Every structure is written in structure tokens, then in C-alpha cells.
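Undergrad: Below is one structure. I have some questions about it.
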Amino acid sequence: MTPETTVRLSEIVAKWVRRNANTRALGMVGSWARGNPRPDSDLDLLILARDPELYFADDSLLAKIGFATTGYQVLSRAVVDYGARRSHKLGLSPDAAVELIFAPLNWANFDPVEAGSARIARDGLCILVDKDRLFPRLFAALGPREQSREL
């Protein structure tokens, strides 16, 4: 996947997050956020939502993201359970892969910071959308060494 494709897909999901009242924040995590993707790396997007389970109970909600209206077709989808987080791994055409990781708002709790959240934030988290300033409070709680990147 190219950097241009990553930007385009991030923008599509960011527009959806901005217009959806249930979704409150969007961050890029993983190799693209760290700046060390491989050509076959997928795009990992963390979405904080008031009710993240909605996106696993009703498939039509994912269709509202708008991949199809922007020239992408969802070829495959797999659900992955990470405990506090669940994701939809999407294979897209043209050649791209996106993992939409949904987590509840308390994923970004900052008093105390949960170990899994801290690990992901420290590993690389780029803020794309943050309606409630959840991510900056999380980074502040992690200490001065931790810096978020905003795209």
C-alpha cells in the first residue's frame, strides 16, 4: 500500500468519524503511525466510540463509511477480538487493507492509564480526529517523553 493510499483511506474514515455522533476519536496506530510500514502493511485505525459494539451488531453501519463511493470495494472482512478492543480487518480493492479497531471511550482513561492503552500509545499513535480531546489527556498522563503526532 502506498503512502497516498494510506492518506486517502485515513481521510475517508476521518470524515465518517467526524459526522457520526457515536464515534469520538480516531487515531492511526501500528507501522504507518510509527513511520516504518512495509509494502504489505495494512492501515491500523483506532476508533473510540460511545458504543463500539454497534459496529459488530449492524453491518450496515460500516457501509456508511463510504469506501464504495470513493472507489474502493470491500472484498473481505474478518472480525478480530482483542478483549477491550474488537476490529474489522478489511481487504479492499484496489489493493489495500485496513483494520478498523473499535474501543470504548474508557480505552483512553488517564487515571490510571491501562497497560494495553499505554503500550499502543507509546508504540505510535497519530491523532486524526479527537472531538473530546481524549488522546492529549492520555499522552499527558503518560508523561513528558510521550508525544503524539497529529496528521
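The values are calculated or read from the model by the stated rules, or taken from the named source; none is laboratory data. Just so it is clear, the model here is predicted, and its values are computed rather than measured. Every residue, glycine among them, receives a Cβ derived from its backbone with ideal geometry; neighbour counts consider all protein chains shown.
Undergrad: I'm told D81 meets every condition in (1) closer than 28 Å to T2 by Cα; (2) touching a residue at least 12 places away in the same chain (Cβ under 8 Å) except one. Can you identify the failing condition by its number?
TA: The one condition D81 does not meet is (2).
Undergrad: Looking at region 77-100, which of its residues are crowded, with 18+ Cβ neighbours inside 10 Å and in contact with a helix residue (DSSP H, G or I) (Cβ under 9 Å, 6 or more places away or on another chain)?
TA: Answer for region 77-100, where residues must be crowded, with 18+ Cβ neighbours inside 10 Å and in contact with a helix residue (DSSP H, G or I) (Cβ under 9 Å, 6 or more places away or on another chain): R85, H88, L90, L92, A96, V98, L100.
Undergrad: Within region 49-63, work out how many residues are out of contact with any strand residue (DSSP E or B) (no Cβ under 6 Å at 6 or more places or on another chain) and not in a helix (DSSP H, G or I).
TA: 5
Undergrad: Yes or no: L92 without any contact (Cβ under 8 Å) to a residue 24 or more places away in the chain, hydrophobic (A, V, I, L, M, F, W, C) and closer than 22 Å to L9 by Cβ?
TA: On the way: without any contact (Cβ under 8 Å) to a residue 24 or more places away in the chain: no; hydrophobic (A, V, I, L, M, F, W, C): yes; closer than 22 Å to L9 by Cβ: yes.
So L92 does not fit the description; no.
Undergrad: Related question: What are the pairs, 6+ residues apart or on separate chains, where a residue within region 24-42 that is among the basic types (K, R) has its Cβ under 7 Å from a residue that is part of a loop (DSSP other than H, G, I, E, B) and surrounded by 10 or more Cβ atoms within 10 Å (Cβ to Cβ)?
TA: That search, which allows pairs on different chains as well, returns R24/R50; R24/K131; R24/D132; R34/G124.
For every residue, the table says whether it meets (1) assigned to a helix (DSSP H, G or I); (2) under 11 Å from the mean Cα position of the chain (by Cα); (3) modelled with pLDDT of 95 or more.
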site: E11; (1), (2), (3): yes, no, yes
site: W32; (1), (2), (3): yes, no, no
site: N36; (1), (2), (3): no, no, no
site: I47; (1), (2), (3): no, yes, yes
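Undergrad: Sort out which residues of region 102-112 are at pLDDT below 95 and either touching a Phe, Trp or Tyr at 6+ places or on another chain (Cβ under 6 Å) or not in a helix (DSSP H, G or I) (or both), and write them in order of number. Give the steps one after another, and end with the answer.
TA: We begin by selecting, within region 102-112, every residue at pLDDT below 95; these are 103-112.
Residues satisfying the conditions are A103, P104, N109, F110, D111, P112.
Undergrad: Filter region 38-54 down to the residues that are of a type outside the set (S, T, Y) and surrounded by fewer than 18 Cβ atoms within 10 Å (Cβ to Cβ) and list them by number. I'd like the intermediate steps shown before the answer.
TA: Initial filter on region 38-54 (of a type outside the set (S, T, Y)): 38-40, 42-54.
Listed by number, the residues that qualify are R38, P39, D40, R50, D51, E53, L54.
Undergrad: If I filter region 121-151 down to residues being part of a strand (DSSP E or B) and modelled with pLDDT of 80 or more, which single residue comes out as surrounded by the most Cβ atoms within 10 Å (Cβ to Cβ)?
TA: It comes out as L125.
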